[in-house]
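Beneath this line is the structure, given in structure tokens, with notes to follow.
The values are calculated or read from the model by the stated rules, or taken from the named source; none is laboratory data. Values in this document were obtained by computation on a predicted structure and should not be read as measured data. A quick note on method: Cβ atoms are made from the backbone with ideal geometry, for glycine too, and the neighbour counts reach across all protein chains shown. The area values use the complete protein model at the heavy-atom level, side chains included, leaving out ligands, DNA and RNA. Shrake-Rupley method; radii C 1.70, N 1.55, O 1.52, S 1.80 Å.
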Amino acid sequence: MVTMSDSAEPTVFTRIVAREIPADIVFENDTVVAFRDIKPQAPVHLLVVPKTERYRTVSELAAGDPALLAEVVATAKQLAVQHCGGEFRLVFNEGESAGQTVFHVHAHVLGADPGGALPEGSLGQ
Ligand code: 5GP
């Protein structure tokens, strides 16, 4: 179920969850949805997004629903097995100064091409 926050406009991810705007969705169940990042920073760059918009950041999610955070991580692993051999970098930006631009909690799942590797010292490129 998609819940509405009591303050701001729906984020772009809330609108993707609601199918108000399109996305290249690669996985969905009752609680999370995953789709390709519109501006990929690695050969594989997926976003795993809880359907609820209750949590803006990973810290809020960890405090409020640790089981849902665990599901986000398990979904990331499942997607990495399907898309990049099971190994992946998992990134949560928290706060503007850390690069967060969408305040609907989401995990970046970054992976390399087959036989390749992600660089150290940058997010994905
Ligand atoms: P953040 O910077 O908040 O950690 O991550 C937000 C991510 O969402 C960025 O990597 C950005 O490219 C991606 N993004 C922003 N708007 C859209 C959109 O409309 N569709 C998709 N698929 N990704 C988006």
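Return yes when Ala23 is in a helix (DSSP H, G or I) and not hydroxyl-bearing (Ser, Thr, Tyr) and no when it is not. Walk me through how you get there before you give the answer.
Numbers: in a helix (DSSP H, G or I): no; not hydroxyl-bearing (Ser, Thr, Tyr): yes.
So Ala23 fails the test.
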Among the numbered criteria (1) over 13 Å from His108 (Cα atoms); (2) surrounded by fewer than 14 Cβ atoms within 10 Å (Cβ to Cβ), which single criterion is violated by Ile38?
(1)
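Taking the condition under 23 Å from Phe103 (Cβ atoms), in a helix (DSSP H, G or I) and at pLDDT 95 or above, does Leu68 pass?
Yes: the conditions hold for Leu68.
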Of the numbered conditions (1) in contact with a Lys or Arg (Cβ under 8 Å, 6 or more places away or on another chain); (2) crowded, with 17+ Cβ neighbours inside 10 Å, Leu79 satisfies every one except a single condition; which is it?
(1)
Which pairs do you get when a residue that is within 16 Å of Lys77 (Cβ to Cβ), found in region 17-44, comes within reach of a residue that is open to solvent by 70 Å² or more (accessible area, probe 1.4 Å) and within 7 Å of the ligand (Cβ to nearest atom), reach meaning Cβ atoms under 8 angstrom, with the pair 6+ apart or on two chains?
Val26/Arg36
Restricting to region 26-55, what's the tally of residues that are more than 10 Å from the ligand (Cβ to nearest atom) and assigned to a loop (DSSP other than H, G, I, E, B)?
10
Could you list all residues from region 76-105 that are within 16 Å of the ligand (Cβ to nearest atom) and either more than 12 Å from the chain's Cα centre (by Cα) or in a helix (DSSP H, G or I) (or both)?
Ala76, Leu79, His83, Phe88, Glu94, Gly95, Glu96, Ser97, Ala98, Gly99, Thr101
Counted residues, region 46-66 - those being farther than 12 Å from His106 by Cβ and either surrounded by 22 or more Cβ atoms within 10 Å (Cβ to Cβ) or among the aliphatic types (A, V, I, L, M) (or both)
2
List, please: which pairs have Cβ atoms under 6 Å, are six or more places apart or on different chains, and start with a residue in region 49-74 that is of a type in the set (Asp, Glu) and end with one that is in a loop (DSSP other than H, G, I, E, B) and buried (at least 17 other Cβ atoms within 10 Å of the Cβ)?
Glu53/His104
Regarding region 94-101, can at least one residue be identified that is in contact with a strand residue (DSSP E or B) (Cβ under 9 Å, 6 or more places away or on another chain) and surrounded by 12 or more Cβ atoms within 10 Å (Cβ to Cβ)?
no
